[in-house]
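Structure first, commentary second.
Quick note: the coordinates plus some simple rules give every number you see, no bench work behind them. Not measured: the values here are computed from a predicted model. Note: ideal-geometry Cβ built from the backbone for every residue, glycine included; neighbour counts use all protein chains shown.
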Amino acid sequence: MLTICAWISLAIALPSAAIIAADEFRHPQKMTVMNFVWPITALYFSILALWAYFQYGRATPNRSHQEQNRAPDWGDAALSDTHCGAGCALGDVIAEFAVFAFSLKLFGSALYASYLADLIAAWLFGIVFQYFSLKPMTDLSRGQAIGAAIKADTVSILTFQIGMYLWMALVYFVLFPRPHIEPNHAVYWFMMQLAMICGYVTALPINLRLLRKGIKHPMH
């Protein structure tokens with residue numbers, strides 16, 4: 001039954017991402033990086049991301065900037081969270097496949113190898129996504145923008161990964177202690193979808209704080 005649920009979840013998420021990508025082809029986002037962020041977000045938030053995209057994220061001519069001067073709120077934090085979330089998700093997927101393909105272990109455990117590989121890949125991709133969301137909104141040089149991206153997103157990425165790690169540990173030690181599920185099984189990616197949602201939730205408050213302190217810039 002869990003395998004069936006996993007396949008259903010993946011079967012909804014993948015078309016959701018494809019629908020967003022197809023719509024963005026006709027209605028490109030004003031900020032280029034968001035053309036990647038929204039479909040990647042749909043890979044783990046599935047149909048909820050699809051709804052959010054058409055409700056709030058779709059680029060249309062009548063979108064105004066009348067609220068640009070208001071204080072950042074939870075909606076701004078949720079949008080900001082998708083940036084580090086997309087970078088983390090992309091990095092985690094690549095890292096998980098690499099750990100599995102090369103049978104990597106750390107301290108005798110594939111889980112700890114995944115933790116390290118996920119963190120490195122998620123941080124790199126997260127900074128890239130933050131850089132391309134930050135650079136168009138500022139007059140910073142390339143070097144300054146990279147530094148600002150690192151400052152803005154490192155804590156956000158760490159809190160995202162903490163949420164993921166807690167769920168991954170629960171899956172590894174409690175839900176599937178023996179045998180452990182692996183990336184060649186649909187249930188594994190269903191669990192990873194849930195892990196990424198956990199990461200999104202744990203990173204949400206810090207994103208709001210970073211926005212209100214001016215470390216991150218809201219995208220109204």
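Please give the contour-minus-distance gain from Lys151 to Ala169: 0.36 nm per residue of separation, less the Cα-Cα distance, rounded to one decimal in nm.
Stretched fully, the Lys151-Ala169 segment lengthens by 3.7 nm.
Would you kindly derive the ³J(HN,Hα) couplings of the stretch 142-147 from the backbone phi angles with the Karplus curve 6.51 cos²θ - 1.76 cosθ + 1.60 (θ = phi - 60°), listing them in order in whole Hz, with x for Gly and Pro?
Running phi through 6.51 cos²θ - 1.76 cosθ + 1.60 with θ = phi - 60° gives 4, x, 5, 5, 5, x Hz.
Which aspartates and glutamates, if any, have their Cα less than 12 Å from the Cα of Lys216, not counting same-chain residues under 8 positions apart?
Reachable aspartates and glutamates: Asp76, Asp81, Asp153.
Using the Cα gyration tensor of the stretch 1-57, with a ≥ b ≥ c the square roots of its eigenvalues, what is the shape: rounded (a/c below 1.5), prolate (a/b larger than b/c) or oblate (neither)?
Prolate, because a/c is 1.5 or more and a/b exceeds b/c.
Output the direction-averaged projected area (hull surface divided by four) of the convex hull of the alpha-carbon atoms of the stretch 75-212, in nm².
Projected area, direction-averaged: 8.7 nm².
Of Ala77, Leu48, Val201, which is farthest towards the positive pole of the chain's charge dipole, taken about the Cα centre with +1 and -1 on the beta-carbons of Lys, Arg and Asp, Glu respectively?
Comparing the listed Cα positions along the dipole, Ala77 ranks first.
Pairs of alpha-carbon atoms within less than 8 angstrom and 6+ residues apart define the contacts here; what relative contact order does the chain have, in percent?
About 26 percent, as a whole number.
Sort 176-183, 136-143, 85-92 for me by packing, meaning the mean count of neighbouring Cβ atoms within 10 Å per residue, highest on top.
Ranked from most to least packed, the peptides come out as 85-92, 176-183, 136-143.
Select from Ile19, Val174, Ile4 the residue farthest towards the positive end of the dipole of the chain; place +1 on Cβ of Lys and Arg, -1 on Cβ of Asp and Glu, and compute about the Cα centre.
Ile19
Taking H as built 1.01 Å from N, whose amide H comes closer than 5 Å to the amide H of Lys216, not counting residues under 5 places away?
Leu211
Under a 5 Å amide H to amide H cut-off, with H placed in plane at 1.01 Å, what residues pair with Leu106 once short-range neighbours are removed?
Correct list: Tyr112, Ala113.
What longest region of the chain stays clear of chymotrypsin sites (Phe, Trp or Tyr not before Pro) that DSSP places outside H, G, I, E and B and that have at most 16 other Cβ atoms within 10 Å?
Segment 108-220 is the longest.
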